[in-house]
Amino acid sequence: MKIIIAGCGKIGSTILASLVAEGHEVVAIDTDPDVISEMNNIYDVMGAVGNCADSDVLKEAGIETTSLFVAVTGSDELNMLSCFLARRMGAHHTIARIRKPEYNDDSLDLLKKELHLSMAINPDLMTAKQLYNLLKFPSAVKIETFSDQAFELVEIKLKADSALDGMKLSEMRGKYQAKVLICVVQRGDEVFIPDGNFVLKSGDRVGISAAPAEITKFLRDLGVLQKKAKNVMILGGSRIAYYLATHLTGAGNTVKIIERDPEIAKDLAELLPKARVILGDGARQELLMEEGLPDSDAFVALTGMDEENVLMSIFASSQNVPTVISKINRPEMAALAERLNVDTVVSPRRYTAEALLRYARAVHNSMGSKVETLYQILDGSAEALEFTVTNDPKLVNIPLKDLKLKPNLLIAGILRDRRPIIPGGADMMLPDDRVVVVSAGQKLSDLSDILR
């Protein structure tokens, strides 16, 4: 499928790399010729230099034969205008990155309708929602939701004293009564889709799928369930901080935001009357201590510098703050953060790339079943996808144990009339079910791809 990416900054280059890895024909547009040269050298893609709202540049990129046009420049207005022109000139689907809060209120639906946008994506808002979920459920490293939060996949890391260390999964099911499924395990650089004989070890990063209440019950039985974070300190007054603070204060949480830029701090103080905005350099440990860091339930580092976020997260951990989360965009920094025991990392780049991959697979698919949700889990080593089941005779009304599935994948959940089912071998998929599939090492575009 031909896809044009307009704007090859941090987000755009991450999206481009993901789509190239999927096998799509990708064309890059950017105003900087050096950026286009770099994209061409690294990813071997075609490129066009210029303004993505210039019809001549769009023609040069081949807009007439484009299935999907994605605008992720630094300007919301340019993204919307270029999508409008792209659609008029022949692109079948258009996606714009729209980040400003004033566009992400009631006016967004009108903008999408009038500009014929297929999708609007807001990396800052997506990241803030993930952070809010993590602060509600601090025991998790990552939380992904399916079917309007009726079903979840939660990642946790097994600590040295974990009750699951050395336990077979078949034994776990007998000992703990919660209806959960450990559907994927990362151990070092290896990823496993485990069976009942798989033995868990401390240090494993595991994906648990179930209804939210069942996951809570399971973690409580394990003795690792932490209380919700009520008193939150945020480092950096970014748009993500604004969206997160809006969610938190709306839920009655206490929020402090530390921002060094006077203008940004002033604007945030006006926009967030229920939060306390502190003007100061959050990289100064003395300031964090003065503002009560050791008494905080959570510390969230959201500055524009990965290195600063990692270092201050390490300091917060040294002060025994129960939940520490760091925003990191560069993959190499995320790996370093994990080695330095920063337990939880969020990445706007990754969330945006996931949203684009999900949409691209749905557009590319011609079989009728639809990719409703797609998440990259365990740092991209595996994927969790949600499909709507069609009336495919090769899949429906057949016990799961009788389906000839490809290796390294697992049907992790079935949602029927919003009722979550942890499937066993005798369960069957029915038309209109939602099905969650976890896959390691395979790219699924259609539910039928799970069959050999």
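The values are calculated or read from the model by the stated rules, or taken from the named source; none is laboratory data. Source: prediction; values computed, not measured. Cβ: placed from backbone, ideal geometry, glycine included. Neighbour counts: every protein chain shown. Each accessible area value is taken on the protein alone, full model and side chains, heavy atoms only, with ligands, DNA and RNA left out. Shrake-Rupley method; radii C 1.70, N 1.55, O 1.52, S 1.80 Å.
Checked against (1) under 23 Å from residue 413 (Cα atoms); (2) in contact (Cβ under 8 Å) with a residue 60 or more places away in the chain, residue 132 passes all but a single condition, namely (1). Answer with yes or no whether residue 203 is in the same structural domain as residue 160 (by TED's automatic domain parsing) and under 30 Å from residue 186 (Cα atoms). So residue 203 passes the test. Report yes if some residue within the range 376-389 is touching a helix residue (DSSP H, G or I) at 6+ places or on another chain (Cβ under 6 Å) and more than 15 Å from residue 447 (Cα to Cα); otherwise report no. Yes, the range 376-389 contains a residue that is touching a helix residue (DSSP H, G or I) at 6+ places or on another chain (Cβ under 6 Å) and more than 15 Å from residue 447 (Cα to Cα).
Screening the range 234-347 for strands (runs of 3 or more DSSP E) wholly inside it with 2 or more residues that are under 20 Å from residue 142 (Cβ atoms) returns the ranges 298-301, 323-327, 344-346.
Looking across the range 104-118 at every residue that is crowded, with 17+ Cβ neighbours inside 10 Å and within 22 Å of the chain's Cα centre (by Cα), the one that is nearest to residue 154 (Cα to Cα) is identified as 104.
Inspection of the range 249-258 identifies at least one residue that is under 26 Å from the mean Cα position of the chain (by Cα), hydroxyl-bearing (Ser, Thr, Tyr) and open to solvent by less than 50 Å² (accessible area, probe 1.4 Å). Residue pairs whose Cβ atoms lie under 8 Å apart, sitting 6 or more positions apart in sequence or on different chains, and linking a residue in the range 249-277 that is on the phi > 0 side of the Ramachandran plot and at pLDDT 95 or above to a partner that is of a type in the set (A, V, I, L, M) and in a loop (DSSP other than H, G, I, E, B), do not occur here. Within the range 35-81, the set of residues being among the charged types (D, E, K, R) and more than 20 Å from residue 92 (Cα to Cα) comprises 38, 44, 76, 77. Please count how many residues of the range 289-307 are of a type in the set (D, E, K, R) and free of Cβ contacts under 8 Å to residues at least 60 places away in the same chain. Looking only at that region, the number is 4.
Here's the yes/no breakdown for (1) free of Cβ contacts under 8 Å to residues at least 40 places away in the same chain; (2) farther than 16 Å from residue 240 by Cβ; (3) open to solvent by less than 20 Å² (accessible area, probe 1.4 Å); (4) small (Gly, Ala, Ser):
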residue	(1), (2), (3), (4)
310	yes, yes, yes, no
317	yes, yes, no, yes
337	yes, yes, yes, yes
343	no, yes, no, no
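Out of 66, 94, one residue alone is at pLDDT 95 or above, within 21 Å of the chain's Cα centre (by Cα), buried (at least 17 other Cβ atoms within 10 Å of the Cβ) and outside the structural domain of residue 248 (by TED's automatic domain parsing). It is 94.
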